[in-house]
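Have a look at the structure below before the remarks.
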Amino acid sequence: ARYLAGDADILLAHDCPALPSHEALATQERVVLRADRFLPYAARGQEFGFPGTPKEPFPLIAYAQRAYFARLFEHVIERGGGVLSYRLSVQCDMSDVLKEVIAAGHGVGWLPESAVEAGADIVPLGGVEWELPLEICAFRPRRAAGPKLDALWAALKA
């Protein structure tokens, strides 16, 4: 929101080719910094019967409804990768909080793979049907920005 209001020169954000993050960003200059994946995680050794059954749904650690990652989770379900049977256990606004709740053993939640450190106490679950490709991108307005910002943008593109 601050970036779109003009309070920042560059925005670093996750973006999903299948579900763009914000329509206003479509008019911005964009560079992909790296590929990422959005996939389900649980605490090591606690798979909760993922992907669940109607009689035994798994506990879902979900993003608040207004969050971009909540839309990505809904897209995974709509895409029809399989049948998920879950019950909402906890809702969080931020990936860092969601990751802590997952690590504490409260359920299964989707995270960007880049948010999970090597050797973490959480592990990915399921197969590719539950994953969504993501990109970590930089955005900037299509207007004159000045030599310092242009140099930074050129470095990001390289």
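Membrane-span-like helices in the chain: DSSP H runs reaching 18 Å or more (Cα, own axis), mean Kyte hydropathy at least 0.5?
Both cut-offs are met by no helix.
For the chain, I need the span (max minus min coordinate) of the C-alpha atoms along each principal axis, in Å, sorted largest to smallest.
59, 31, 25
When the accessible area of the chain is split by element with a 1.4 Å probe, what percent falls to carbon and sulfur?
Carbon with sulfur: 54 percent of the solvent-accessible area.
Given the DSSP H assignment, sum -39500 (n - 2.57) over each helix run of at least 4 residues in the chain and divide by its residue total; what's the result at 222 nm in deg cm²/dmol, nearest 500?
-6000 deg cm²/dmol
Show me the ranking of peptides 119-132, 60-73 by mean Cβ neighbours inside 10 Å, starting with the highest.
Top of the packing list down: 60-73, 119-132.
Over the chain, with the other protein chains present, what is the accessible area per residue in square angstrom, probe 1.4 angstrom?
Counting only protein heavy atoms, the per-residue value for the chain is 56 Å².
Quick one, what does Rg over Rh come out to for segment 68-158 if you take C-alpha atoms and the Kirkwood Rh?
1.09
Please list, ordered by chain and number, the residues whose modelled amide H lies under 5 Å from the amide H of Leu134; skip anything fewer than 5 residues away on the same chain.
Those qualifying (amide H under 5 Å, at least 5 residues apart or on another chain) are Asp36, Arg37, Phe38.
Compute the FRET efficiency between Glu135 and Ser85 as 1/(1 + (r/R0)^6), taking r as their Cβ-Cβ distance and R0 = 35 Å, and round to the nearest 0.05.
Given R0 = 35 Å and the Cβ-Cβ separation, E is 0.70.
Between Leu152 and Ala115, what is the label-to-label distance in nm when each label sits 7 Å out along the Cα-to-Cβ direction?
Each label point lies 7 Å from its Cα, and together they span 2.4 nm.
The values are calculated or read from the model by the stated rules, or taken from the named source; none is laboratory data. Since the structure is predicted, the reported quantities are computational estimates derived from the model, not experimental observations. Glycine gets a Cβ as well: all are built from the backbone with ideal geometry, and neighbour counts include every protein chain shown. Protein only, heavy atoms only, side chains kept; ligands, DNA and RNA dropped before computing areas. Shrake-Rupley method; radii C 1.70, N 1.55, O 1.52, S 1.80 Å.
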